[in-house]
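See structure below.
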Amino acid sequence: MGSISKLSNPCPASSLSSTFNPKASNPKCLIGFLTTSPNSFTSKVSSSKLSVRSKPSLRGPLIVRCAQGQGNGSPTEKTYLHELYDKEGQSPWYDNLCRPVTDLLPLIDSGVRGVTSNPAIFQKAISTSNAYNDQFRELVQSGKDIETAYWELVVKDIQDACKLFESIYDQTDAADGYVSVEVSPRLADDTEGTVEAAKWLHKVVSRPNVYIKIPATAPCIPSIKEVIANGISVNVTLIFSLTRYEAVIDAYLDGLEASGLDDLSKVTSVASFFVSRVDTLIDKLLEKIGTPEALDLRGKAAVAQAALAYQLYQKKFSGPRWEALVKKGAKKQRLLWASTSVKNPAYPDTLYVAPLIGPDTVSTMPDQALQAFLDHGTVSRTIDSNVSEAEGIYSALEHLGIDWSYVGNQLELEGVDSFKKSFDSLLDTLQEKANSLKLVSL
């Protein structure tokens, strides 16, 4: 592993300047991704349709350059992301974070209303960037061990990002504008350890709009209840099945009821229901079955299950129990669609965004999904447009022998394992960086 100084930064600073076209009769918004410098930005737009180059390099953050309309001089910032929120009540979030966090500013201008992170995201950001070098050097020179140094790097990014989204949080009365940070993936089977880690992270980040991410593993369901009861807002992650999702909702409701708070308005939560990975696994099972009926169901399982999750959401957040909590200011635990990037290139690149649009939901999108939806997304309520079809697909898969419990458990194991490997890999990388500079050893 090379020294810190030789590592490159994958997130170059964005140019926030606007462009002005005095000949434009209609406002236009130029959207693209940075590669190595702002000058490499290229895009084509028409007066009537938002257009992004078809094959951008996605190494950097999305940038938005808004031309001023003729006559009034006011910038035009409306994109499909704004429409998602304004027309359909869905909050678009960005599933990525790296330094400099100011690269998030054009994303916010384009309509992004929150940020999600995970151990894999930080592993990529820190191990491939030199933007963390100065702080890391100071930390290890002051005697910090590698894992402590890691958390201080992460906490700074989360705090800085929270500051950028603070105005959205304030404007929406704590309904939006959150930045998520996950407890150590090593704690996925540790109920009490997860609770203590969540309390610690909440305390050290010390921002009202931080979400502490806790995995929806069986040992962590009680953790979610206790953390919510302590007045800490939570992003419950790695949800892959309807059964586990219902347990997550119950943990949230139990936590609110156990909190003893008279005002519940500042204790909020999202439930991160993963999508594309469901198709990845089930498609393989369908291909093993190999019948025409089985092959015809490829690429349909994830969206169908998500549609049924939304039905469960509507059912659980209604009725006497929920109304009693509403009287104390409680907010619904919104469904968040995660893993929205398409893994199979044969599928439409908005497959896990466009069919999952509905009120009181969140869609967190990595670069590819975000760029695709901005380019050719369609904004309309789709999540419950054909529930009977979703039920039919779900049942048809069961009749073919697809065990939804197995799918959920397997994907959960894979998800936890993936995050553990990313976490351990990053700590190894940081140790190598430190060793290369002869700063610290275990």
*Give me a count of the residues in segment 261-305 that are in a helix (DSSP H, G or I), over 20 Å from LYS213 (Cα atoms) and not acidic (Asp, Glu).*
17
*So which residues in segment 260-288 are more than 22 Å from ALA307 (Cβ to Cβ) and either crowded, with 20+ Cβ neighbours inside 10 Å or touching a residue at least 60 places away in the same chain (Cβ under 8 Å) (or both)?*
LEU261, ASP262, ASP263, LEU264, SER265, LYS266, VAL267, THR268
*Looking at VAL140, is it part of a loop (DSSP other than H, G, I, E, B) and surrounded by 19 or more Cβ atoms within 10 Å (Cβ to Cβ)?*
no
*Which residues, taken from segment 113-157, are touching a strand residue (DSSP E or B) at 6+ places or on another chain (Cβ under 9 Å), farther than 14 Å from THR429 by Cα and touching a residue at least 60 places away in the same chain (Cβ under 8 Å)?*
ARG113, GLY114, VAL115, THR116, SER117, ASN118, ASP157
*Restricting attention to segment 307-366, report how many residues are β-branched (Val, Ile, Thr), outside any loop (DSSP other than H, G, I, E, B) and surrounded by 15 or more Cβ atoms within 10 Å (Cβ to Cβ).*
3
*So which pairs qualify, if the first residue must be in segment 420-438 and more than 12 Å from GLU147 (Cα to Cα) and among the acidic types (Asp, Glu), the second must be in a loop (DSSP other than H, G, I, E, B) and at pLDDT below 90, the Cβ gap must be under 7 Å, and the two must be at least 6 apart or on different chains?*
GLU432/MET1
*What are the residue pairs meeting all of these: first residue in segment 329-345, first residue within 16 Å of VAL275 (Cβ to Cβ) and touching a residue at least 40 places away in the same chain (Cβ under 8 Å), second residue surrounded by fewer than 20 Cβ atoms within 10 Å (Cβ to Cβ) and of a type in the set (S, T, N, Q), Cβ atoms under 6 Å, and 6 or more apart or on different chains?*
SER341/GLN368; LYS343/THR280
*Given the conditions (1) loosely packed, with under 14 Cβ neighbours inside 10 Å; (2) under 17 Å from the mean Cα position of the chain (by Cα), report the number of the one that ALA369 does not fulfil.*
(1)
*Looking for whichever is charged (D, E, K, R) and modelled with pLDDT under 95 here; the options are LYS87, LYS124, LYS156, LYS163. Which one fits?*
LYS124
*Do we have any residue at all in segment 206-215 that's outside any helix (DSSP H, G or I) and of a type in the set (Phe, Trp, Tyr)?*
yes
*Would you check if ALA175 is outside any helix (DSSP H, G or I), modelled with pLDDT under 95 and either of a type in the set (A, V, I, L, M, F, W, C) or under 23 Å from TYR85 (Cβ atoms) (or both)?*
yes
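The values are calculated or read from the model by the stated rules, or taken from the named source; none is laboratory data. Treat the numbers as computed from the prediction; the structure is a model and nothing was measured. Here Cβ is always computed from backbone atoms with ideal geometry, including for glycine, and neighbour counts include all displayed protein chains.
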